[in-house]
Amino acid sequence: MHPVADAIAEVIGLEGPIRFDRFMEMALYAPGGYYDRPPVGPGPDADFVTSPHVHPVFAQLLAEAIRDLHDALGGPRPFELIEVGAGDGTLLSGLLPGLDDLSPRVTAVERSPGARASLSGIEGIDVRDTLPPPDLPAVMLAHEVLDNLPFRRFRAAAEGVREIHVGRDADRFVEVLVTPPVGLELPGQASSAGEEMVLPTGALGFLAEAFPDPTGDGPPRAVLAIDYGGERGGGGPSHGYAGHRLVEDVLQAPGTTDITAGVDFGALAEVARGGGLQAFATVFQRDALTALGFETWMHTQLERQQDLIRTGRGAGAVSAWGGRSRASLLVDPAALGRFRWFVVTTPGVPEPSWMRAARALGERRLGSGSRAEP
C-alpha cells in the first residue's frame, strides 16, 4: 500500500472508523500525501488543469479584479496580497506584473512541501505554510482551494441521515454509516435516500482564520474564492482526479488521488454573515471575466490574427487562433465558465464594481432566455 494508506489503516486499527474529513486530511496533506507535489498543469505528470494553465489572460483579468477589490478596501498602502493554495506559482506569476504599481506585500501560502519548493523560485514573495498574522489590509485569493479542504460527508438513509466514516474490511477501506452527533446543524436537507450532503469543515476553518476579528477594529480584508459549486448545496458526490481522469471511489487509493466536492457557497455565506462578515452572492466565471474585459481581449486577438494572415505570417495566425480557442474554455459554461466567484469581506467594504457588472450580465442573459447555468 501507499505510505499514507498504511498510516490511515494504522489509525483506524487503533481507534476504529474515522470521520471522512480526517481521512481526507491525511490522504491529501499528511507527509507523503497527494499534495506533497504540485499535481496541476497540462503535462502528463499532472492530474488536472486549472484556469491559469489554460491561458495567461485569466491572470491578467484576475489582476484587474484584485485591483478593484483593493480599491473597495479604500486603496490602502501598504497592503498584502495573499494567494492561498498557490500550487506551482503559475497564477501568482501571471498576476504580479498587473499589480506592480500597487506594491503589495505578496505571500504564497502552501501546505505542500513540493509546492513551496516551486514557489521559492519566484522573486519578491514570502512563502509560508500558514496564513501570515493579520496586521495589514489584505486581499486573499483562494483559487480552486475550498473544494479540496476537508469536509464531513452525510447521506440520507431509510432510517434518517447518517454520517459517513471510513473503516477497514480486510485490506480495503470501506464506508461506515453512523448516527450524527445530537444537535449538529447540517448545511442542507437531503430529499431522497442515497443523496449526500457535505459539511465544509475545512472551508469554514479557513474563513475563521482569514477573518480572526471580523467585527473588531482590525484592518479591512477581503477573500476572493473561485471554485465550482452552487448557492444551494455543492452539487454532486465527492470524487477525485488522477491522470486527468475522474476517480469515483476516493477510498481505495488514498495519497494518490485528489478528493473534492462542489462548494456550498450559500452555506459558507450564511456562516460568514452570522459572524458579522459581508458575503456577496456568487457570480459565474463567464460573467466575471466578461465584466473584466474578456470579450474586448478576444476581439483584439481576432484583429491580430487577421493582420497576421494579411501579412503572410501564417504560423503566427495559427498560434493566435489556438490561443483564442484555449481562452474560450475560460468562459464556456460547459467548462471553466461554470465556476463561481465568491467574495467575503470585513464590514463596510462595498461590493466590487466588476461583481455588480457580472451579476447584471448574468441576469440579462437568463432573462433573454439563455439556458440555465448548472
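Here is how the numbers come out for the structure above:
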item	result
Qualifying trypsin sites (Lys or Arg not before Pro) for the range 163-243 [loop in DSSP, other Cβ within 10 Å: at most 14]	R232
Cα convex hull of the range 249-305 - mean projected area over all directions, nm²	7.8 nm²
Per residue accessible area in Å² of the chain, where ligands, DNA and RNA are left out and the probe is 1.4 Å	44 Å²
Dipole in debye (nearest 20) - the range 123-163, about Cα centre, beta carbon charges: Lys, Arg +1; Asp, Glu -1	400 debye
Distance histogram in 10 Å bins (all Cα pairs of the chain, percent per bin)	5, 22, 31, 26, 12, 3, 1, 0
Overall form of the range 57-209 per C-alpha gyration tensor (a/c, 1.5; a/b vs b/c)	prolate
222 nm mean residue ellipticity, helices alone, for the chain (DSSP H n ≥ 4; -39,500 (n - 2.57); rounded to 500)	-11000 deg cm²/dmol
Of A158, A357, A242, the one that fluctuates the most in a GNM where the chain has Cα springs shorter than 10 Å	A158
The range 110-235, accessible surface, carbon-and-sulfur percent (1.4 angstrom probe)	49 percent
Size of electric dipole in the chain: Cβ of Lys, Arg +1 and of Asp, Glu -1, about Cα centre, debye, nearest 20	1040 debye
Residues with amide H under 5 Å from that of G229, placed H, sequence gap 5 or more	V263, R340
Trypsin sites (Lys or Arg not before Pro) within the range 248-345, DSSP loop, no more than 15 other Cβ atoms inside 10 Å	R313
Relative contact order computed over the chain (Cα-Cα under 8 Å; 6+ residues apart), in percent	19 percent
Nitroxide proxy distance, nm - points 7 Å out along Cα→Cβ at H299 and E363	2.4 nm
Max mean-square fluctuation residue, GNM over the chain, Cα-Cα springs under 10 Å, options G240, G13, G114	G13
Cα gyration tensor, the range 51-120 - rounded (a/c under 1.5), prolate or oblate	oblate
Mean shadow area of the range 200-285, taken as a quarter of the surface of its Cα convex hull (nm²)	6.9 nm²
Fluctuation leader among G75, G312, G183 - the chain, Gaussian network, Cα springs under 10 angstrom	G183
For the range 1-131: relative contact order, % (alpha-carbon pairs under 8 angstrom, 6 or more apart)	21 percent
Cβ-based net charge around A261, under 12 Å, with every Lys or Arg adding one and every Asp or Glu removing one	-4
For the range 297-317 and the range 45-115, distance of Cα centres in Å	29 Å
Kirkwood-Stokes translational diffusion coefficient of the range 119-226, alpha-carbon pairs, 4 °C, 1.567 mPa s, µm²/s	75 µm²/s
Gain upon complete extension [V49, V318; 0.36 nm per residue less C-alpha separation]	94.6 nm
Neighbour cut-off at most 16 other Cβ (10 Å), DSSP loop, GluC sites (Glu not before Pro), the range 104-208	E123, E159, E185, E195
Karplus-derived HN-Hα couplings along the range 245-259 (A = 6.51, B = -1.76, C = 1.60, θ = phi - 60°), whole Hz, x at Gly and Pro	10, 5, 10, 7, 9, 8, 7, 8, 9, x, x, 10, 9, 5, 10
Reference-scaled alpha-carbon Rg (2.2 N^0.38 Å with N residues) for the range 81-164	1.46
The range 159-277 - percent relative contact order, Cα under 8 Å, separation 6 or more	22 percent
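The values are calculated or read from the model by the stated rules, or taken from the named source; none is laboratory data. These figures come from a predicted structure and were not determined experimentally. As a convention, Cβ positions derive from the backbone with ideal geometry for all residues, glycine included, and neighbour counts pool all protein chains shown. Just so you know, the surface numbers come from the protein's heavy atoms only, side chains and all, with ligands and any DNA or RNA stripped out. Shrake-Rupley method; radii C 1.70, N 1.55, O 1.52, S 1.80 Å.
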